[in-house]
Amino acid sequence: MLELLLVLASLVVIGLTGLLTVVATPPRMVELGLWALALGLLIGIPTGWWYHVVLYRALSLRMALPPGWWQRPVALHPLLQADEYRHVRPWFLAGALGFVLCLAGGVAAIVGLLVMRFYP
């Protein structure tokens, strides 16, 4: 039974790879990559900023934050209490989602441009 599932999964992956090569042409990769990058910036910048504000508000009442705390804010997460962490975490995840979209979109756009340049 496991072997049958492996064969079926392999066939699905091969079929999707073939479909992807037809659908994801280099100009379309560049376009989708730039859209993903723009969406990531639209999501990531405001939510990342607000994450830092919420984290600062939660911790500054109890302690003096170290200099440059905003460069490595994740190191401060263990200092949060459970209810504070519940308020900080959604903004942290939304900012991380924006960052991942920016990375994926940028890579897709760069790959599309490189393919268009070297494989016309």
Tilt relative to the chain, helix 2-23 - C-alpha long axis, 0 to 90 degrees, to 10 = 90 degrees
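Using only DSSP helix segments of four residues or longer, with each worth -39500 (n - 2.57), what per-residue ellipticity at 222 nm results for the chain after dividing by its residue count and rounding to 500? Don't jump to the answer; show the numbers that get you there.
Numbers: 3 runs with 94 residues, N = 120.
The per-residue figure over the chain is -28500 deg cm²/dmol.
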Relative to the first principal axis of the alpha-carbon coordinates of the chain, what is the inclination of helix 26-60, with its axis defined by its Cα atoms, in degrees from 0 to 90 and to the nearest 10?
-> 10 degrees
Could you point to the residue in VAL22, VAL115, PRO78 farthest towards the positive end of the chain's charge dipole, with +1 and -1 charges on the Cβ of Lys/Arg and Asp/Glu respectively?
-> PRO78
Compute the acute angle (0 to 90°) between the alpha-carbon long axis of helix 82-118 and the principal axis of greatest extent of the alpha-carbon atoms of the chain; round to the nearest 10°.
-> 30 degrees
Loop-resident sites, segment 13-63, for trypsin sites (Lys or Arg not before Pro), counting at most 13 other Cβ within 10 Å (DSSP) | ARG62
Computed over the chain, the relative contact order (Cα-Cα under 8 Å, seq sep at least six) in percent reads 49 percent
Lys/Arg +1, Asp/Glu -1 at C-beta; the chain dipole; positive extreme among TRP69, PHE99, MET1 = TRP69
Work out, step by step, the length gained on full extension between LEU4 and ARG89: first 0.36 nm times the residue separation, then minus their alpha carbon distance; give nm to one decimal.
-> 26.5 nm
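In debye, nearest 20: dipole of the chain around its Cα centre with unit charges on the Cβ of K, R (+) and D, E (-)?
Working: 7 positive and 4 negative charges, 66 e Å.
With Lys and Arg at +1 and Asp and Glu at -1, about 320 debye.
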Computed log₁₀ I(q)/I(0) - Debye formula, equal Cα scatterers, no solvent, the chain, q 0.13, 0.16 Å⁻¹ | -0.72, -0.82
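Each value in this text was obtained by applying a stated rule to the coordinates, not by laboratory testing. In this text the structure is predicted, and so the values were computed from the model without any measurement. Here Cβ is always computed from backbone atoms with ideal geometry, including for glycine, and neighbour counts include all displayed protein chains.
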